[in-house]
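Below is one structure, written out as structure tokens; comments come after it.
The values are calculated or read from the model by the stated rules, or taken from the named source; none is laboratory data. All values reported here derive from a predicted model rather than from experimental measurement. Here the Cβ is made from the backbone with ideal geometry for all residues, glycine too, and neighbour counts use every protein chain on show.
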Amino acid sequence: MLNGWFGQLANILILLACVVNASNALLRYGFDLSDNWPLELQWYLFGAAVMLGASHTLAQNGHVRVDIIYGNVSERTRLWIDIFGLLLFLLPACALFAWLSWKTLFLPSWDILEHSSNSGGLPRYPIKFMLPLGFGLLVLQGLSELVKRFAALKGKLQLNTHYERPEQ
């Protein structure tokens, strides 16, 4: 539910980034007006959409897999591959990135209320907060996926791990 809300927000942020990009291009090339903040805003919106949408993508089983192995094994083996991938890669990496980005990127930026060095630039600390938030959401969703995989192994939950190989 939480990641569904952030997924919808990510969709809106992508739309806003496109509107800002198109408006900036129109102002720059149509009216010869230019400023740095629209460029920064477009990147901030896109970056926030990626960080907030990643956990929703995981919840929807929409992430990329290595089909060489995953596509040629049984559903039970797919569940075990997911469990090991979550335990060995996703959870440790995202937990580490969440902690490091909080400690070394966001907090120092927040302490000084960091702003862009560009003329007319935006504050940097809000977008730097997206990193620990996004990785934290991925950790929470990873834990949820782990519970679901164990429940599916015990036969208490039916997951759709069906994999269709792309046509060649």
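Looking at the structure I just gave you, is SER34 loosely packed, with under 13 Cβ neighbours inside 10 Å, within 30 Å of GLY121 (Cβ to Cβ), among the polar types (S, T, N, Q) and modelled with pLDDT under 90?
Details: loosely packed, with under 13 Cβ neighbours inside 10 Å: yes; within 30 Å of GLY121 (Cβ to Cβ): yes; among the polar types (S, T, N, Q): yes; modelled with pLDDT under 90: yes.
Yes.
Answer yes if at least one residue in the range 65-75 is under 17 Å from LYS148 (Cα atoms) and touching a helix residue (DSSP H, G or I) at 6+ places or on another chain (Cβ under 7 Å), and no otherwise. Looking through the range 65-75, none of the residues is under 17 Å from LYS148 (Cα atoms) and touching a helix residue (DSSP H, G or I) at 6+ places or on another chain (Cβ under 7 Å).
Filtered by the rule that a residue be surrounded by 13 or more Cβ atoms within 10 Å (Cβ to Cβ) and of a type in the set (Asp, Glu), the range 76-117 gives ASP82, GLU114. It is to be established whether one or more residues within the range 70-78 are out of contact with any Ser or Thr (no Cβ under 7 Å at 6 or more places or on another chain), assigned to a helix (DSSP H, G or I) and either free of Cβ contacts under 8 Å to residues at least 12 places away in the same chain or under 23 Å from PRO38 (Cα atoms) (or both). Checking the range 70-78: at least one residue is out of contact with any Ser or Thr (no Cβ under 7 Å at 6 or more places or on another chain), assigned to a helix (DSSP H, G or I) and either free of Cβ contacts under 8 Å to residues at least 12 places away in the same chain or under 23 Å from PRO38 (Cα atoms) (or both).
Condition check: of a type in the set (Gly, Ala, Ser) and assigned to a helix (DSSP H, G or I). Does GLY62 satisfy that?
Numbers: of a type in the set (Gly, Ala, Ser): yes; assigned to a helix (DSSP H, G or I): no.
Criteria not met by GLY62.
Of all residues in the range 122-136, none are touching a residue at least 40 places away in the same chain (Cβ under 8 Å), of a type in the set (Lys, Arg) and not in a loop (DSSP other than H, G, I, E, B). Only one of the listed residues (LEU140, LEU107, LEU86) is on the phi < 0 side of the Ramachandran plot, over 16 Å from the mean Cα position of the chain (by Cα), assigned to a helix (DSSP H, G or I) and not charged (D, E, K, R). That residue is LEU107.
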